[in-house]
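The values are calculated or read from the model by the stated rules, or taken from the named source; none is laboratory data. All values reported here derive from a predicted model rather than from experimental measurement. Glycine also receives a Cβ, built like all others from the backbone with ideal geometry; neighbour counts cover every protein chain displayed.
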Amino acid sequence: MTFSARAPFDVTLTTNPDEFATVPIAYNWTGVSGSCRWGGSGSDGELRLRLRAIRAGRPLVEITGAVPSRAEACGEIPSNVVFDLYAENHDGQGPIAPDVFWATAGGSIRGQGTGTLSLECGGCGAPPSATYDVRALWGRNINFTPRTPRAGRLVRLTENVVLLEKSSRDTVWTEVNSANVTAKCDVYYARSRRDVRNTTVRGRWRTPHQIRGPGGDGEVICGPWRIPESARGSWLGVTPRMTYRGKTVTPVRGRGFIRVKLLR
């Protein structure tokens with residue numbers, strides 16, 4: 001099937017779930033399946049837009065649409081050409097690739113493909129003066145290397161963490177995939193509530209993209225650092241700290257904090 005359409009529009013939308021805009025589409029399309037051919041052209045197609053959210057200063061737009069069929073093919077009446085997509089994390093410029101589906105009423109002629117839509121969004125980006133909230137989801141996977149820390153030896157802590165941000169204009173949280181994150185770990189050795197020694201070790205942040213691509217967890221790595229011989233028999237506690245956009249986040253109510261007994 002070949003399909004082309006144009007639907008220029010200039011609409012204002014909010015994230016009200018009941019608000020949408022409908023604009024007409026001028027189109028031309030032709031479908032072929034073996035010896036069966038059909039198609040049509042016109043200006044009575046329909047494009048429907050709904051703004052679901054603002055994420056990282058970019059619109060999350062739901063776009064649906066359809067154009068009517070114009071001809072019978074091999075004794076069957078083709079259904080509308082339809083497309084449905086979410087233009088997620090779109091930066092306001094360039095193409096969007098929707099899925100396009102078509103089928104006859106009887107279902108013996110059908111197909112699918114991809115197309116291109118363009119969306120230009122004004123005023124979607126966060127202003128320079130925007131404020132940001134930052135939060136973290138800690139402790140999905142916490143590991144020492146070596147697995148059992150011992151006094152007098154080097155040790156490294158690795159912890160998976162999801163770091164999220166939301167600007168004053170955003171309506172949803174966005175996962176941070178920026179390398180501009182600093183990290184460190186507060187370390188203490190305790191024999192009792194009164195006998196506690198504290199230190200800080202350097203850390204680094206690995207973005208979700210560096211680990212497995214967008215949509216995964218990030219990772220904080222602290223150390224390696226050497227555990228003092230004198231800490232043998234005490235408790236080793238580690239609290240990671242992440243700083244992004246001037247905001248520092250630490251584990252809340254113990255989640256993401258780890259404590260182990262150093263063997264004698």
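Considering each residue of region 43-59, count those that are outside any strand (DSSP E or B) and within 9 Å of Ala21 (Cα to Cα), and give that number.
0
Scan region 47-57 and give yes if some residue there is under 21 Å from Ile77 (Cβ atoms), surrounded by 14 or more Cβ atoms within 10 Å (Cβ to Cβ) and touching a Gly at 6+ places or on another chain (Cβ under 7 Å), otherwise no.
No, region 47-57 contains no residue that is under 21 Å from Ile77 (Cβ atoms), surrounded by 14 or more Cβ atoms within 10 Å (Cβ to Cβ) and touching a Gly at 6+ places or on another chain (Cβ under 7 Å).
Could you please give the count of residues in region 234-261 that are at pLDDT 90 or above and in a loop (DSSP other than H, G, I, E, B)?
Total satisfying the criteria: 4.
Cβ-Cβ under 7 Å, sequence separation 6+ or interchain: first residue in region 205-230 and within 17 Å of Arg140 (Cβ to Cβ) and of a type in the set (Lys, Arg), partner at pLDDT 95 or above and part of a strand (DSSP E or B). Which pairs?
So the pair list comes out as Arg206/Ile221.
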